[in-house]
1. For the cross-link pairs B:LYS83/B:LYS107; A:LYS100/B:LYS76; B:LYS35/B:LYS56; B:LYS44/B:LYS105, which exceed 27 Å when the distance is taken from alpha carbon to alpha carbon?
2. Pop out the ³J(HN,Hα) list for the range A:64-69 in order, Karplus 6.51 cos²θ - 1.76 cosθ + 1.60 with θ = phi - 60°, rounded to Hz; leave Gly and Pro as x.
3. Can you check what the Kirkwood hydrodynamic radius comes to for the range A:52-104, Cα pairs only, in Å to one decimal?
4. Assuming a ≥ b ≥ c are the square roots of the Cα gyration tensor eigenvalues, decide whether the range B:4-98 counts as rounded (a/c under 1.5), prolate (otherwise, with a/b larger than b/c) or oblate.
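Computed from the coordinates by the stated procedures, all read-outs in this text should not be read as laboratory data. The structure presented is a predicted model; accordingly, all values stated were derived computationally and were not measured.
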Amino acid sequence: MSEGHVPQQAPPASGPGGGGPSGPRPQGGGGRPGGPAKRGKRSFVRKKKVCRFCVDRVDFIDYKKAEILAPFIQERGKILPRRMTGTCSRHQRWLTVAIKRAQNIALLPFAAEL
Amino acid sequence: MEERQYDLIFICRPDTPEPDIDKIIATVEHAAADKGGKIESVNKWGRKRMAYRVQKLREGYYVYMVLKSTHGEVIKELERRLKVSDPVMKYLTVRVDEELKRQEKFKRHRERRAARRPRKAAPAPAPPVGGEQTAAAV
């Protein structure tokens, strides 16, 4: 899992007042979690995961597009739990259904072949 | 009863000649028409690699159609036909109208909200990844 290390949260780059209407909205609560990660021996700053579908405002997860479902299954073909992907409960529900449908018409594997 | 919409996908053996596939599509269309359904669109995805082996084959010829009907009898008949059809290895019918309706609802809701407080300069109108359910081929 890649949460141990702390990605020094890059500031929005553009100076103050730069966060104009461009771009897809700073992901919910961008700079909030954590705080200064400097002091202390092992201070984990867990970056808050945001539901990818919420960021993109997805109202419908299409089971026909295997390439958008693929990141949410494990190597072995299992569906990744929410705690790993950060998907919100509503989208996870839709996602599960979509993945299962995709499996049914061989767009996604049920289990990886050896 | 209100009209329902279905996705119908079937996979033919990869060695099926094109005319045969067209024939299967035609029979499906006929059978649907007989039972009062109607095929909205047919989309041949062509040969694709399947995620797992089916009938010992790794590839299949995918055909995707959208079907509208007011009663479910059509589906029964179509699935029966696909089952007995030799070149067809696999098929899937999914009722989608309810999800489309839900999608519409969310979209309307969002537009209303955007209209009410237009401080964020209209959230990108283009629905992103998988947001749209068009026949756009994969």
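1. Distance filter (> 27 Å) returns B:LYS83/B:LYS107; B:LYS35/B:LYS56; B:LYS44/B:LYS105.
2. Rounded to whole hertz, the list is 7, 9, 4, 5, 8, 8.
3. By the Kirkwood definition, the hydrodynamic radius is 11.1 Å.
4. Judged from the Cα gyration tensor, the range B:4-98 comes out prolate (a/c at least 1.5, a/b above b/c).
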